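S.K.: Supplied in C-alpha cells, the structure appears directly below.
The values are calculated or read from the model by the stated rules, or taken from the named source; none is laboratory data. All values derive from a computational prediction rather than experimental measurement. Please note: Cβ atoms are built from the backbone with ideal geometry, for glycine as well, and neighbour counts cover all protein chains shown. SASA here: full protein model, heavy atoms, side chains in, ligands and nucleic acids out. Shrake-Rupley method; radii C 1.70, N 1.55, O 1.52, S 1.80 Å.
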Amino acid sequence: MATTLLILHGLVAIALLGAITHQALATCAPSNAGPHSFFGRFRAVPAERFANAIIVLYLTSALFKIDIQPTLERDRHWHAMGFLDLKEDFVGVGLGILPAYWFCWRRPADSQHNHIRTTLTILLAFIVWWSFIVGHVMNDIRGFGS
C-alpha cells in the first residue's frame with residue numbers, strides 16, 4: 001500500500017511541478033517576447049488557467065505524507081531529518097499563501113496586482129521545487145518500497 005501511495009504522490013508532484021513551473025515562467029517572461037521564442041511559447045497559454053489546477057494538485061500532494069521519519073531516525077540521518085522538517089515547514093507556508101494566491105489569480109490581470117501575483121507564484125514555485133527535490137532525496141535515502 002505504501003508503494004502505491006508513493007507512486008501516486010510522485011505522479012501528483014510531477015503534475016504540480018510542471019504546472020507551477022509553466023505558470024512561473026509565463027508570469028516572469030518578458031511581454032515583448034516573440035511568439036516563436038522560448039518565453040513567447042510559455043506566454044501563449046494563459047497563466048490564469050493553471051491556478052485552479054495548481055491549488056488542487058498542491059492540496060492533494062500535501063495530503064500524501066509518507067512516514068519516513070522513523071527510518072531516518074533509526075539510520076541516524078540527522079541532516080536529512082532537518083531537511084524533511086524544513087520541507088514540511090515550507091509546505092505549511094505554501095498552504096497558508098494558497099488563499100492569497102487563488103485570490104490574485106481569479107481576478108483579471110491588472111498592473112496593480114501583477115507584482116503580488118508574480119511574487120506569490122515564484123514563492124509557491126520555490127516551495128514546490130524544494131519539496132520535490134527534498135522528497136526525492138528522502139526517497140533515495142529510504143529506498144523505494146522499503
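S.K.: Taking all protein chains together and a probe of 1.4 Å, list H9, H136, H115 from the most accessible to the least accessible.
M.R.: I get H115, H136, H9, largest accessible area first.
S.K.: Hey, what number do you get for the chain at 222 nm if only DSSP H runs of n ≥ 4 count, each worth -39500 (n - 2.57), divided across all residues, to the nearest 500?
M.R.: It lands at -26500 deg cm²/dmol.
S.K.: Which Cα, out of F126, I116, L86, lies furthest along the positive dipole direction of segment 63-131 (beta carbon charges, K/R +1, D/E -1)?
M.R.: I116
S.K.: Report the FRET efficiency, 1/(1 + (r/R0)^6), for I141 and V45, where r is their Cβ-Cβ distance and R0 is 35 Å, rounded to 0.05.
M.R.: That pair, I141 with V45, gives E of 0.45.
S.K.: Okay, next question. List the DSSP H helices in the chain whose Cα atoms stretch 27 Å or more along the helix axis and whose mean Kyte-Doolittle hydropathy is at least -1.0.
M.R.: 2-28, 78-106, 111-142
S.K.: Please find the FRET efficiency linking H115 to L95, where r is the Cβ-Cβ separation and R0 is fixed at 30 Å, and quote it to the nearest 0.05.
M.R.: FRET efficiency, H115 to L95: 0.85.
S.K.: Please give the FRET efficiency for T4 paired with N32, using the beta carbon to beta carbon distance and R0 = 41 Å, rounded to the nearest 0.05.
M.R.: That gives a FRET efficiency of 0.30.
S.K.: Kirkwood hydrodynamic radius of the chain from all distinct Cα pairs, in Å?
M.R.: 16.5 Å is the Kirkwood radius here.
S.K.: Something else: Treating only the Cβ atoms of Lys and Arg (+1) and Asp and Glu (-1) as charged, compute the dipole magnitude of the chain about its Cα centre; round to the nearest 20 debye.
M.R.: For the chain, the charge dipole is close to 420 debye.
S.K.: On a 1.4 Å probe surface of the protein chains, which of I7, I127 comes out largest in accessible area, and what is the full order?
M.R.: Heavy-atom accessible area, descending, gives I7, I127.
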